[in-house]
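Everything on this sheet refers to the single structure shown next.
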Amino acid sequence: MKNITNPSDVELLVKTFYSNLLLNEEVKPIFEHVDFEKHMPHMIAFWEFVLLDKEGYTTNVFDKHVNLPLKAEHFEIWLKTFESTVHYLFEGEKANMAIQRAQTIAYSFETKMKQMGKLG
């Protein structure tokens, strides 16, 4: 296995992750309205920004998710799916960083949404 080193690696990670996530019947309904073909480039750009320090991503990711009908258990599913996808595809420093950043994102989103009363 190799480390995450370039945009193609990030694209593989993001596409594989969302394919895996949408197999989960608990999470799938939350994203039924999402046009993944349209939004996939944005999600890839976000993770390129996070993992490869690629410039240009300026969207507030939290704002894009705050009104989704999320429950606390959805964050656990999201995170476990992300971690297992990373471990399946990659190893190394950037792979570990991807998991660490995903943990931070999940924690901060869940905490903010609880504080706002937005978490079901």
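The values are calculated or read from the model by the stated rules, or taken from the named source; none is laboratory data. Computed from a predicted model, the values in this text were never measured in an experiment. Here the Cβ positions follow ideal geometry from the backbone for every residue, glycine too, while neighbour counts run over all protein chains shown.
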Helices (runs of 4 or more DSSP H) fully within the range 28-100 counting 2 or more residues that are hydrophobic (A, V, I, L, M, F, W, C) and farther than 20 Å from T111 by Cα: 36-52, 72-89
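Results for (1) of a type outside the set (G, A, S); (2) in contact (Cβ under 8 Å) with a residue 40 or more places away in the chain; (3) closer than 16 Å to K15 by Cβ, shown as yes or no for each residue.
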| site | (1), (2), (3) |
| --- | --- |
| I30 | yes, yes, no |
| V34 | yes, no, yes |
| I44 | yes, no, yes |
| W47 | yes, yes, yes |
| E91 | yes, yes, no |
| I105 | yes, yes, no |
| L119 | yes, yes, no |
Pair list, Cβ under 7 Å, 6 or more apart: the range 75-86 residue closer than 9 Å to F17 by Cα, other residue part of a helix (DSSP H, G or I) and of a type in the set (S, T, N, Q): T81/N20; T85/T16; T85/N20
Out of T58, T16, sole residue that is at pLDDT below 95 and of a type outside the set (K, R): T58
Subset of the range 44-55 that is surrounded by fewer than 18 Cβ atoms within 10 Å (Cβ to Cβ) and either in contact with a helix residue (DSSP H, G or I) (Cβ under 9 Å, 6 or more places away or on another chain) or of a type in the set (A, V, I, L, M) (or both) - its residue that is modelled with the lowest pLDDT: E55
Scan of the range 107-117 for residues that are out of contact with any Phe, Trp or Tyr (no Cβ under 7 Å at 6 or more places or on another chain) and either part of a helix (DSSP H, G or I) or in contact (Cβ under 8 Å) with a residue 60 or more places away in the chain (or both), ordered by number: Y107, S108, T111, M113, K114, Q115, M116
